[in-house]
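Take a look at the structure below.
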Amino acid sequence: MQLPETPPPPKRGFFAGLRSSFFAGLVVIAPIGVTIWLIWTLTGWIDSWVLPLIPAGYNPALLINEYTGIEVNIRGLGVVTFLLFTILVGWVAKGLIGRSLILWAESLVLSIPLIRSLYSGLKQIVETVLSQGEQNFDKAALIEYPRKGIWAICFISSNAKGEVQASTSEDVVAVFMPTTPNPTSGFLLFIPRKDLIVLDMSVEDAAKLIISAGLVYPNGEDAKKALEDKVPAAAE
């Protein structure tokens, strides 16, 4: 018995083609536009904080106006000034005199009760972030959360240490479980190593999966090929 031929798909109308082209262009333009807007906004925000703090005799915009007669309002002058000032402070701080001045200033700040607690906490946070700036999450893994039978993706951070590890007989691992669609917020959990299922996907692919709420899977071509291989096998 000969099966009837599959009818050709209906032709798309003119407006349908325009709509498809519009969405295809939007996919290309939107990420670029949002990135440029964020950079532009962040630069303006930094300028608004830095430039008013610069004395008039050292303000780049005022100096340019004084020597050239041209009024400039270049976005990013505050950012450049902040970077140069930070580099200069770091260079001075690495010297003997700079270290002595820093120790003297810290002793002065630490002698003030309320300021002491705020300064110590902020310094510890900054030092922790900068000292671990080159470190990334090791692997992506699955954990059963919030109950048995429900799985969530997490990132393996490090082995538990100190009092956390000493308080349990298990081999505990520190993991970060991000939330969807904002992976910068989440929960710090200490999980027994035996309860983790380490995934082969990279941390970047796992982050894409979380941000997209499960819509973007890594190795999509491999998964498609595996599915196509299973269909003929099931038909046989």
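Please determine, by comparing only the residues of region 1-35 that are open to solvent by less than 100 Å² (accessible area, probe 1.4 Å) and of a type in the set (Val, Ile, Thr), which one is modelled with the lowest pLDDT.
Among them, the one singled out is 28.
Taking residue 38 as meeting all but one of (1) open to solvent by 100 Å² or more (accessible area, probe 1.4 Å); (2) more than 30 Å from residue 105 (Cα to Cα); (3) aliphatic (A, V, I, L, M), write down the number of the exception.
(1)
Of the numbered conditions (1) under 20 Å from residue 206 (Cβ atoms); (2) out of contact with any strand residue (DSSP E or B) (no Cβ under 6 Å at 6 or more places or on another chain), residue 138 fails exactly one; give the number of that condition.
(2) is the only condition that residue 138 fails.
Would you mention how many residues in region 175-190 are surrounded by fewer than 16 Cβ atoms within 10 Å (Cβ to Cβ) and in a loop (DSSP other than H, G, I, E, B)?
6
Can we say residue 43 is surrounded by fewer than 11 Cβ atoms within 10 Å (Cβ to Cβ) and of a type in the set (Ser, Thr, Tyr)?
no
Give the residue that is modelled with the lowest pLDDT, with candidates limited to residues of region 129-166 that are among the small types (Gly, Ala, Ser) and within 19 Å of the chain's Cα centre (by Cα).
Here the residue is 133.
Any residue in region 47-73 that's part of a helix (DSSP H, G or I): show its pairings with residues that are aromatic (Phe, Trp, Tyr) at Cβ separation under 8 Å, as long as the two are six or more apart or on different chains.
Correct list of pairs: 50/82.
State whether one or more residues within region 33-45 are in a helix (DSSP H, G or I) and over 24 Å from the mean Cα position of the chain (by Cα).
Looking through region 33-45, none of the residues is in a helix (DSSP H, G or I) and over 24 Å from the mean Cα position of the chain (by Cα).
The values are calculated or read from the model by the stated rules, or taken from the named source; none is laboratory data. No experiment lies behind these values; they were computed from the predicted model shown. Every residue, glycine as well, gets a Cβ built from its backbone with ideal geometry; the counts of neighbours run over all protein chains shown. We work out accessible area using only protein heavy atoms, side chains counted, and drop any ligands, DNA or RNA first. Shrake-Rupley method; radii C 1.70, N 1.55, O 1.52, S 1.80 Å.
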